[in-house]
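Trainee: Here's a structure for you.
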Amino acid sequence: MFTCTDWLALHGLSESRVKDVISAFYAGKIDYPLPFISTDKEMPSVSDFISKKLPSQEICYKTIVVPALAAAFDNESKEQHLLCNHVELLSLSNSEEAPCTVCQGSGRSPGILMDWNGRAEDLLCLAHEAAHALQILLSEHELMPPVARETCAFIGELLLLDYVKVHLPHLHAALLDVWNSENSFYLGDCVDVLIDALNHSGVSYHYYQNYPLARLAAVQMFSYANSQSVSRLFSGGQGAMSYLPIDEMASFAAEIENPLPVFPIPDNEQPVVDAYRSLGAMALLDIESWRNASCQRIESYYLGLLKNLQARTAFIALDSDMKPVGYTTWIESSTENNLLLICQTALPNQRLNLQRTLEQHIRTTKGVDASYTRNAAKEMLVW
């Protein structure tokens, strides 16, 4: 079984580096500039565009996608020739299958398999898959690690957005809307999958865990890299990971400081004081993590947390400096040996630490092993 440990080794990554990237992203330390966002107030609305269908897949491929991708390289004519003459456009045999690009072996053209309905999402998908095909050709069919491979594909999407902003502005709003909406998956659900894998190294590998690093790396490279950097990545093959800005993104985690004060040593002789300290720590964590608790009445907020403290169904996680990083409350099942999490609140860069220390706490105090975790902002059955 291929696991997260194998995945890290394949990419030459360490668990700590990946966690630092996630922490930096959650804390807002990784720039996410979008230079292709239009400020033109006369741009047609997304709904106006959606009512019109794009031309055929072949026309859109040759007149939009190919020039958009080729523009990123110094020798545009070479990339245009490869994309126009050495890539096959194929239909999916099963409508339930996901679009993909297949390497059909050295000397044979890569095949793009997808259905075409003339929608904005189809055009963005076509650029994604065409970038995969170009990467296969430029790397001479050498196997590339998945994170690097998906970075190439995401760069293809950004190149399309940049191209239509200038040359086909009437398409830009709809494409940008699709791109932004897909972030909730690539930088939301897929981050959850990656966190699960990092927290449980024995869990079976899932392809989704490649997307978060690739999505972030693509934006960094598109925003700050030059054509030579993009060319090296697309032709990098097995060594392509060396061209991704993983270390730079991970380094931002070092800039993150915990703004909360040190949690006092528990005073067994004054449990009431300890309770108020815990309530204060939870309130500060809710404020610092931007949790929407302000809509509650003060009495309800106070009594709810106090009830959890009295029932020992609350846990405050501390970092190595004894500062609070997050807290969790839960309900214990009366029939099954599990806990239903009601709230998980963590500092933006401390969600992984909250989950890890919570698992240890539950395992030690309740004798229950964690079987599955999710993003600390979500509520679900996890034990």
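Trainee: Restricting to helices (runs of 4 or more DSSP H) lying wholly in the range 197-281: which have 1 or more residues that are among the hydroxyl-bearing types (Ser, Thr, Tyr) and surrounded by 19 or more Cβ atoms within 10 Å (Cβ to Cβ)?
Mentor: By residue number, 211-224.
Trainee: Right, something else. When TYR32 is evaluated against the numbered criteria (1) within 26 Å of the chain's Cα centre (by Cα); (2) modelled with pLDDT of 80 or more, which criterion, by number, is the only one it fails?
Mentor: Of the numbered conditions (1) within 26 Å of the chain's Cα centre (by Cα); (2) modelled with pLDDT of 80 or more, the odd one out for TYR32 is (2).
Trainee: Could you please find all residues in the range 58-78 being hydroxyl-bearing (Ser, Thr, Tyr), within 19 Å of CYS125 (Cβ to Cβ) and without any contact (Cβ under 8 Å) to a residue 12 or more places away in the chain?
Mentor: Across the range 58-78, the qualifying residue is only THR63.
Trainee: Are any residues in the range 127-141 in contact (Cβ under 8 Å) with a residue 60 or more places away in the chain and part of a helix (DSSP H, G or I), and if so, which ones?
Mentor: If the condition is that a residue be in contact (Cβ under 8 Å) with a residue 60 or more places away in the chain and part of a helix (DSSP H, G or I), then ALA127, ALA130, ALA131, LEU134, GLN135, LEU138 are the ones that fit.
Trainee: I'm trying to understand the selection: among the residues of the range 170-184, which are surrounded by fewer than 17 Cβ atoms within 10 Å (Cβ to Cβ), within 16 Å of HIS128 (Cβ to Cβ) and touching a residue at least 12 places away in the same chain (Cβ under 8 Å)?
Mentor: ASN183, the sole residue that qualifies.
Trainee: Identify, by number, the condition in (1) surrounded by fewer than 22 Cβ atoms within 10 Å (Cβ to Cβ); (2) at pLDDT 95 or above that SER106 doesn't meet.
Mentor: (2)
Trainee: Okay, next question. Output the residues belonging to the range 307-360 that are of a type outside the set (Ser, Thr, Tyr), farther than 30 Å from GLY28 by Cβ, assigned to a loop (DSSP other than H, G, I, E, B) and at pLDDT 85 or above.
Mentor: ALA311, ARG312
Trainee: Please find, among ALA250, ALA275, ALA281, the residue that is without any contact (Cβ under 8 Å) to a residue 60 or more places away in the chain and either under 21 Å from ARG356 (Cβ atoms) or within 20 Å of the chain's Cα centre (by Cα) (or both).
Mentor: So the residue among ALA250, ALA275, ALA281 that is without any contact (Cβ under 8 Å) to a residue 60 or more places away in the chain and either under 21 Å from ARG356 (Cβ atoms) or within 20 Å of the chain's Cα centre (by Cα) (or both) is ALA281.
The values are calculated or read from the model by the stated rules, or taken from the named source; none is laboratory data. Only a predicted model underlies this, so the values are computations on that prediction, with no experimental measurement involved. Cβ: placed from backbone, ideal geometry, glycine included. Neighbour counts: every protein chain shown.
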